[in-house]
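Read the structure below first, then the notes.
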Amino acid sequence: MLLMMIPGVAFLALFFYIPILGNVIAFQDYQPFLGISGSDWVGLANFVDLYFNPDFWVALRNTIVLAVWQLVLFFPVPLGLALIVDSLVSNKLRRWFQSLVYLPHFLSWVLVIALFQQVLGGAGLVNNTLRDLGMDTVPFMTNPDTFPLLATIQLVWKDAGWAMIIFLASLASIDGSLYEAAAADGAGRWRRMWHITLPGLRSIIVLLLILRIGDILSVGFEQFLLQHDAVGAGASEVLDTFTYFAGVVGGGWSAGAAAGLAKGVVGALLIFAANKVAHRLGEPGIFQKKVGS
Amino acid sequence: MTATLSGRRATKRLNKQLSFNPGRPAWKEPASPLYGTIKAIIIGGISLSIVIPLLLVISTSLADDEQLIAAGGFVLWPTHPSFAAYQAIFSGEFMIRALGVSAFITAIGTFLALFITITMAYATSRPVMLGRPVLLLVLFTLLFAPGLIPMFLMVKQLGLLNTVWSLILPGTFAAFNFVVMRSFFMNIPAELIEAARIDGASDFMILRKIVLPLSKAVIAVVGLFYAVGFWNAFFNAMLYINDQTLYPVQLVLRNYVVQGGSMAEAIGVTSTPPPQSMQMAIVVVALLPILIVYPFLQKHFTKGVITGAIKG
């Protein structure tokens with residue numbers, strides 16, 4: 001058995017735990033040709049620079065704006081979808097619809113953006129049609145002001161169906177006799193939803209909210225990088241793309257690492273905090289004192 | 001011929017009758033016309049929003065010049081399907097090589113990833129020495145990410161920059177897939193494994209002869225997740241690959257479709273079809289493998305995800 005753990009542990013060491021240690025360059029003036037051992041230690045200077053870097057604050061603001069949009073517009077969609085699918089009586093329609101809405105999850109972000117471009121882009125289907133009808137075109141894909149909405153719609157299109165699975169599973173696990181009893185007592189469909197379905201989903205909703213809040217600083221990477229040129233940094237720069245442009249493109253390795261490290265630590269703290277709140281609410285949350293099964 | 005057909009139809013009908021269809025529970029009232037209509041609109045609208053873009057790119061990639069020009073660039077149904085765009089993108093070596101790179105990283109990557117995930121998940125699913133600390137090591141990866149820059153430096157340090165291995169190795173283990181796999185293994189009765197052990201089977205033998213044959217469904221699901229991940233990986237390629245000959249399909253898609261780079265000279269083709277349909281053909285090439293494997297595997301994945309999500 002120990003032998004079987006070796007490949008996995010080796011992988012974790014090489015591509016997770018050693019890179020974590022590599023974060024020390026956030027406290028250095030890292031020079032690639034000197035390496036970690038040869039570079040000078042500068043303490044918290046990189047974090048201070050970050051604090052005074054307006055681009056960082058733009059990235060942080062965009063990240064939070066996008067996260068709030070996602071929370072408000074994306075989060076309820078899978079739940080609503082699951083309720084609708086669950087109310088379908090025809091099994092055939094249900095299966096057919098489920099297979100279809102899961103599909104976009106398996107497409108890459110590059111593909112999703114390409115598809116959106118072909119439909120909504122400046123030379124895309126919708127704008128072509130508008131032009132043919134003699135109307136003004138609408139810059140759906142390049143307008144920085146509406147970018148958060150666009151990005152959220154892209155996310156909904158890609159992942160809402162997939163996110164629905166988990167709600168469907170918990171809906172299926174609600175005891176059917178509860179509904180029967182409630183109906184016998186005269187509860188209509190809305191009352192049954194309010195008093196049976198939603199309480200039955202409560203813990204899974206709390207769980208997903210925690211995960212979402214813990215992930216609030218990771219709104220996604222590829223999606224924003226791919227549209228960075230089209231809408232400009234002012235609207236599409238998020239913490240992850242900032243790290244990339246400052247570090248890999250700009251050669252500010254230490255600054256990039258500092259931004260990444262700050263993000264990682266804050267994200268982990270947010271998960272712990274949210275989990276604590278869930279416990280206060282009497283929900284199991286993602287992890288108890290005893291981690292694992 | 002007719003006999004087998006009608007026989008098949010009869011079997012189908014019988015299967016339908018036998019298959020569990022609870023129908024409408026007695027307590028559930030039929031939807032009122034208003035709610036029924038709203039529901040139909042929502043379901044229909046969502047379905048169309050997924051089908052139309054896919055149909056659009058496939059049709060446009062197949063449309064011939066005349067129709068394309070007449071329709072102003074987009075076609076929802078090709079009247080005279082032509083493969084000119086595909087011939088054009090495959091006339092140079094560039095696209096074929098990109099497909100080769102993507103196929104290679106998907107195949108090798110999925111194999112390695114499954115190997116690591118299965119061994120690790122099986123070992124930690126049994127009460128063994130060090131099982132718990134190793135489990136914690138894995139679960140911690142769900143909480144914290146090492147960050148982009150340290151990962152880049154690590155890959156660089158290992159000398160993997162500009163090799164296909166930079167696209168494979170960093171993605172060969174995902175904690176989520178591990179959790180799915182492990183919770184499946186934990187449901188395999190311990191007696192079965194004990195019995196094999198008493199008969200003198202080694203751990204590897206038990207894994208190969210008993211556990212794996214019982215786990216085909218979950219292996220299919222996790223394998224699909226990994227394969228899709230490798231096929232779709234764009235960011236690693238952008239980060240680690242400069243050499244054009246090592247571009248995977250997703251990077252080609254970004255450079256020549258999303259960013260609209262001039263394809264003809266980069267890909268080394270003599271462009272006769274309109275660039276529009278060539279772009280669409282690249283989109284379809286990136287899309288097709290997913291559309292092909294999807295129907296075979298999608299019946300498994302609900303179950304796979306749910307075992308992972310609920311029990312993890």
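The values are calculated or read from the model by the stated rules, or taken from the named source; none is laboratory data. Note that the structure is a prediction, hence the values are computed from the model and not measured. For neighbour counting, all protein chains shown are included, and Cβ atoms are generated from backbone atoms with ideal geometry for every residue, glycine included. Just so you know, the surface numbers come from the protein's heavy atoms only, side chains and all, with ligands and any DNA or RNA stripped out. Shrake-Rupley method; radii C 1.70, N 1.55, O 1.52, S 1.80 Å.
Each Lys and Arg Cβ is given +1 and each Asp and Glu Cβ -1; about its Cα centre, segment B:83-310 then shows a dipole of about 420 debye. In segment A:138-293, the ratio of gyration radius to Kirkwood radius, Rg to Rh, stands at 1.11 when only Cα atoms are counted. Scattering from segment B:119-247 was approximated by placing one identical point on each alpha carbon and applying the Debye formula without solvent; log10 I(q)/I(0) at 0.20 1/Å stands at -1.15. Think of the protein assembly as shown as having a plus end and a minus end, set by charges on the Cβ of Lys, Arg, Asp and Glu; of B:GLY100, B:ALA70, B:LEU297, B:LEU297 sits farthest toward the positive end of this dipole. With springs only between Cα atoms under 10 Å apart, run a GNM on chain A and tell me which of A:ILE174, A:ILE20, A:ILE204 wobbles the most. Result for chain A, Cα springs under 10 Å: A:ILE20 fluctuates most.
Residues B:LYS156, B:LYS39, sorted by accessible area with the largest first, give B:LYS156, B:LYS39 [1.4 Å probe; ligands and nucleic acids excluded]. If you bin all the Cα-Cα distances of segment B:28-81 at 10 Å, starting from zero, the percentages per bin are 23, 30, 20, 16, 9, 1.
Under the convention that each Lys and Arg Cβ holds +1 and each Asp and Glu Cβ holds -1, the size of the dipole of chain A around its Cα centre is about 1120 debye. Between chain B and chain A, roughly 8300 Å² of accessible surface gets buried, counting both sides and using a 1.4 Å probe.
Dividing the Cα radius of gyration of segment A:1-118 by 2.2 N^0.38 Å, with N the residue count, gives 1.75. The stretch between A:ALA184 and A:LEU21, if pulled fully straight at 0.36 nm per residue, gains 52.5 nm over its current Cα-Cα span.
Does the protein assembly as shown come out rounded, prolate or oblate, given a ≥ b ≥ c as the square roots of the eigenvalues of its C-alpha gyration tensor, rounded meaning a/c under 1.5 and, failing that, prolate meaning a/b above b/c? It is rounded, given that a/c, with a ≥ b ≥ c, falls under 1.5. With all pairs of separate Cα atoms included, chain A yields a Kirkwood hydrodynamic radius of 22.6 Å. Would you kindly calculate the translational diffusion coefficient of segment A:84-180, applying Stokes-Einstein with the Kirkwood radius from alpha carbon pairs, for 20 °C and a viscosity of 1.002 mPa s, and quote it in µm² s⁻¹ without decimals? For the chosen part, D equals 134 µm²/s. Name the residues of segment A:247-265 whose accessible area falls by at least 40 Å² when all protein chains are present instead of the chain alone, probe 1.4 Å? In segment A:247-265, residues shielded by partner chains: A:VAL248, A:TRP253. Can you tell me the FRET efficiency between A:LEU133 and B:HIS80 if r is taken as the Cβ-Cβ distance and R0 is 30 Å, rounded to the nearest 0.05? Calculated transfer efficiency: 0.70. Volume per residue of the convex hull around the Cα atoms, evaluated for segment A:155-227, comes out as 98 Å³. The residues of segment B:28-81 have, on average, 53 Å² of accessible surface per residue, using a 1.4 Å probe with all protein chains present.
Site pair B:ASP243 and B:GLN157 shows an inter-label distance of 2.3 nm when each label is modelled 7 Å from Cα along Cα→Cβ. The percentage of C-alpha pairs in segment B:83-310 whose separation is greater than 31 Å is 35%.
Using a probe of 1.4 angstrom and keeping all protein chains present, the accessible surface of segment A:1-89 works out to 50 square angstrom per residue. Atom-type composition of the exposed protein surface of segment A:40-281 places 66 percent of the accessible area on carbon and sulfur (1.4 angstrom probe). Only four residue types carry charge here, +1 at the Cβ of Lys and Arg and -1 at the Cβ of Asp and Glu. Report the dipole size of the protein assembly as shown about the Cα centre in Debye, rounded to the nearest 20. The calculated dipole for the protein assembly as shown is roughly 2620 debye.
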